[in-house]
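The values are calculated or read from the model by the stated rules, or taken from the named source; none is laboratory data. None of these values were measured; they are calculated from a predicted model. No Cβ is skipped: glycine too gets one built from the backbone with ideal geometry, and neighbour counts run over all protein chains shown.
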C-alpha cells in the first residue's frame, strides 16, 4: 500500500511536467525494476512546481511537505530562499506559528551574499523583504497573542514594516495587528491611532472589522463612550462580520454602564435574535432580564428567561430574576413560589442568600413580617435579636448587605420592635470599612428615631444631608440620590423637634417646602403648619396649611388633603375668622360652575395681577378658572399663563406637568405650541433637567417663529456648552450666529463660541476672537478677547501681532479689570524680552511683583524677572529670583499656569544652569539631584543629568559623573534631545581620563551612531583616533585622522589633526592625550 501511494503521488506530481517527460517517467516506472522506480527523484524544477502548485491551491499541508523535500534535497538551489518563504507561509496557515516564525526569522537574517553555511550565494529577492517582515511579526503575534509581555518583538517588527514600506498593500493589516498589540499593553491612545490608520489604509480589508472592534474597545477604555458606541453599533448590526456577536455584547454593556438601559435591552434583544446559540446567549438573557426590570418592563422578563429555567447552570439565577420581576409587578404570590422553586435547585451559597432575601422582601410586602424575619435569620443568624454581622457585607457584597440591613430594620419596626431595629442601626453605624448606601443610612436614622435615640439619629441624617468635603469631591461614592436627601431632611427636622430645637426643624422643613418634590414637600408643609399652630402663630399656620392643601390636591393624597384642610380651618379659627374658615373649605371641596363672562373677567383679572407681579394671586385665579368646568375658547392660553405664573413662583414641578399636558393636547400649528415648548424647556432648565430642556428646545425649532427659534437655539447652545458637548455647542452657536436681527447678545455669543472652539482645538478660536475684537470694541468681553489674541500670538511666536494687541489693550481698555490689565502687562514683559529689551522687561516684571497686583501675576512676574536678569548676565540676581520663585511655588497651592509643577521645574532648572555657569559645582550637583527626585517624568531630565554629570566631571568625580551621563544619553536617545551628543562625548572623556581607553573608544564611536547630526561628532572622531593610539593601533588612528580631514576640512583643529597624522604615519612612538573639556 505504501508503494502504491508513493507511485500515485509521484505520477500526480509529474503531471505538471511536459508530456515527453511524463511518458518517460511512466515508462521507467512500469518497465524498470521496483527498486529503480523507488529510487527515482524528481528534478528540482519539477519538485518546485509541485510544491508551488499546492501552495497556490492553498493545500497547505501538502505544500509544507513538498517544500520541505525541496529544501532537504537542494539546500543550495537558487530558489532555496523562496522555498523557505513558502514553507513558512504553509506552516503559518496551518497554525504552526512557532515553526513559521523561526523560518521567517531565518529569512530576515539572510544576507544578500547568502547564508554563511552555504557554499553558493542565494540572495532573497527584494520583493519578498516587506512580506517576510510582516509575516514574522504576524506569526510572533499569533503565537503570543495572550501574552502581552512577549509581543515586544512583534510590535517592533510591525513598526519597522509600517515605516519602511508605507505604500505596501499589507499596511492596513499591519496597523491592525499593531493596534491590537499596543491595546493589550494598555496604550489605548496609541491603539486608537493605529486602528484609525488601518481603516484609512484599507477600509474594506480582511481585517477591517478587527480594526473597528479594536478601535471601539480602545475608545471605551479611554472614556470616549459616544465614539466607541458608534463602532460597536456598526459591527453589531453587520451580520457578516465575525465580530458582530462580541460587538453587540460590548455595545449592550456600554449602554448599561451609561445608564441607557433601554438601549442595552434593545442590543441584547438583537443579540439573542441573531445568535441564539452563542456561548454568551445565556448571560445575555440574564442581563436583559435585569435591564427590563430596571426600566419598568418586568412583564417581558418571563419570555426572555423561559429557555433558561430548566438549565442546571443558569436555571437558579434565571428563576431569581423571574421572581424579582414578579415582585416588581406586585405579584408577590408568584414571586414566592418561584423563589422557593429556585432554592430547591441547589443554587450557590451566594445566590441562595439573595433568594432568601428577596423571599423575605415578598413576605414582608404581603404582611407576613414574622416569616420574613425567619428567612433573614437563615441568611444572617442573630438578626432576630437585633444582631447583624459584618460578614454580610464582605461575603454578599455591599448591595446585599445594604438591602438586608434595610429590610431587617423595617421588619422589626413593623413588628413593633423599635429597640431591635435601633440595635441594628447602632451596629451599622460603627462598622468599619463598610460602604452603607444612602437608603441604609436613611433607614438607620428612622430606626434610631423610633427607639428614641434622636441625638444619634440627627448625626446619621445630617451626615449625608450636609456631606463632608471628601464626599463632595467623590459624588459617585458620597452623595446620595436627591429623593433620599429630601426625605432625610424631613426626618432630620423630626429629630430636631424631638431634641427641642424648633428653629432648626423649621429651617429644614422650610427648605423642603420651597425645593422638595411631591410627597416630601407635602409632609414638610404639614409639619410647618402644625409647628406654627402650637405657639399660636395662626397667620403663618394658615399660610403653610393653604400650601399643604394645594400640594395634597395636586398629589391626589385624599387623607393628607383632609388633614391639610383641617389645619387650614384651625388656623382661620385661631384668628377668629370662622366664616373664612368655612368659606375656604367650601371653595376647595366644591367649586361652583361659572358663566363664560365670569371666566373672561377672571382671566383679565389674572392678567392684571401678572402685570403687577402678583403671581400667587394670578395663579389662584387662573387655577380656579381652569377648574371651573366652563367651556372657554382659550384653554391653551390659560394653561400657558398659569404655567408662566408657576414658573415665576418656582413651582417647577407643577409647571412641568402642566406644560407637558398642554403640548400633548394642542395642534402643532397653534401659536401656543412653540411658546409652550419654550416655556417647558425653561422649566426643565431650572430643574436641572438639561437633556429634557434640550429636547424641548429642539421642538421649538420646528416652528416658524424666528424670534422664538433664535432664542431656543441660543439657550440650547449654552446648555450643550455646560454639558461639555463642545462639538454640539459649536454647531448650535454657529447656527445662532446665522440669525440676523435677533436680540441675542452677539458679543456674548462670539465670546462663548470662541471658548468652545479653543477647547475643541478646531483652529477657529482665533478667527472668532478677531470678529469680537473688531466688531464690538465696547463689549464687556472686548478686553478679554484682545488678551486671548495676544496670548495666541505669543504661542504662535508672532511677536509683532502680540505687541500690537497688547498695545491696543493697554491703551484703549482703561476700564478693563485690574487683574486683566496685570496679565496684559505680564505678557508685555515677555514681548520686551523677545525684542532684546531685557532692561525694560526687568522694570516691567519688577513692577508687577508688587502687592497691588494679583498673587498669580506677582508669581509669574517673578519668573519673568529672573529671565530678564539672566539675559543681562546678572547671574547672582537671577539666581536669587529663580530661587524665590521656586520656594514660593512649593508653598503656594497654585502657580500661574495650568501646569504649576512644570513652571516650578523650569525655575529650578534655571537655578541649576546658573550655578553651572558660575562654577559652583557642589551646589549645582545637590540642586540637580534634588531636581531629578522631584520631577522624574519631566522632559528636561536629559539636560539635568548632563549638567550634574558635567559638574561631577569638573570635580574629578569621574565614576559618579559616568552614572549621570549614561542616564542623560539614554533619555536623549529615547526623546531625541539635542544634549545627547555632548553628554555622550563627556561620558567617553570620563573613561579616557580614567585610562580605560577601550571603553572610551567604544563611547566615542557610539556618538556618531546615536547622534549623527551632533556638532560633537568631529571631536568624537578625533578622540577615537587618540584612543586607537593609546591602544597601539596606529593604523586605525591614522585612518580616523584622514577621515576627519576629508569630512571636516574647515574645522579649526585641522592643523592639530595633520600633526597627529604625520606622527602616526611615520610610526613614531608617541601618545597624545588631550581632553575636550
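Some observations on this one:
- Among the residues of this structure, residue 935 does not count as one that is in contact with a helix residue (DSSP H, G or I) (Cβ under 8 Å, 6 or more places away or on another chain), in contact (Cβ under 8 Å) with a residue 60 or more places away in the chain and not assigned by TED's automatic domain parsing to the domain that holds residue 904.
- Residue 296 fulfils the conditions (1) in a helix (DSSP H, G or I); (2) within 34 Å of the chain's Cα centre (by Cα) except for a single criterion, (1).
- Within region 651-683, being in a loop (DSSP other than H, G, I, E, B), touching a helix residue (DSSP H, G or I) at 6+ places or on another chain (Cβ under 7 Å) and either modelled with pLDDT of 75 or more or farther than 23 Å from residue 701 by Cβ (or both) holds for one residue alone: 666.
- Of all residues in region 778-800 being assigned to a helix (DSSP H, G or I) and without any contact (Cβ under 8 Å) to a residue 12 or more places away in the chain, the one that is nearest to residue 766 (Cα to Cα): 795
- Residue match in region 159-175 (condition: crowded, with 19+ Cβ neighbours inside 10 Å and under 30 Å from residue 724 (Cα atoms)): no
- With respect to the stated conditions, residue 934 fails to be buried (at least 16 other Cβ atoms within 10 Å of the Cβ), modelled with pLDDT under 90 and over 22 Å from residue 876 (Cβ atoms).
- Residue 168 satisfies every condition listed in (1) more than 24 Å from residue 275 (Cβ to Cβ); (2) without any contact (Cβ under 8 Å) to a residue 40 or more places away in the chain; (3) assigned to a helix (DSSP H, G or I) except (3).
- Flag for residue 763 being under 33 Å from the mean Cα position of the chain (by Cα), modelled with pLDDT under 80 and on the phi > 0 side of the Ramachandran plot: yes
- Screening 345, 356 for residues that are assigned to a helix (DSSP H, G or I) and touching a helix residue (DSSP H, G or I) at 6+ places or on another chain (Cβ under 7 Å) leaves exactly one candidate, 356.
- Some residue of region 943-966 being in contact with a helix residue (DSSP H, G or I) (Cβ under 9 Å, 6 or more places away or on another chain), outside any helix (DSSP H, G or I) and free of Cβ contacts under 8 Å to residues at least 24 places away in the same chain: yes
- Filter pass, residue 959 being over 20 Å from residue 912 (Cβ atoms), surrounded by fewer than 21 Cβ atoms within 10 Å (Cβ to Cβ) and modelled with pLDDT of 90 or more: yes
- Within region 750-765, tally of residues that are buried (at least 16 other Cβ atoms within 10 Å of the Cβ) and in contact with a helix residue (DSSP H, G or I) (Cβ under 7 Å, 6 or more places away or on another chain): 10
- For residue 311, the conditions (1) surrounded by fewer than 20 Cβ atoms within 10 Å (Cβ to Cβ); (2) in contact (Cβ under 8 Å) with a residue 40 or more places away in the chain are fulfilled apart from (2).
- Any hit, region 474-482, residues being part of a helix (DSSP H, G or I), at pLDDT 80 or above and either assigned by TED's automatic domain parsing to the domain that holds residue 427 or touching a helix residue (DSSP H, G or I) at 6+ places or on another chain (Cβ under 9 Å) (or both): no
- Only residues that are buried (at least 19 other Cβ atoms within 10 Å of the Cβ) and more than 24 Å from residue 1058 (Cα to Cα) were counted across region 987-1025, and they come to 4.
- Boolean, residue 869 is within 30 Å of residue 753 (Cα to Cα) and either in contact with a helix residue (DSSP H, G or I) (Cβ under 9 Å, 6 or more places away or on another chain) or in a helix (DSSP H, G or I) (or both): no
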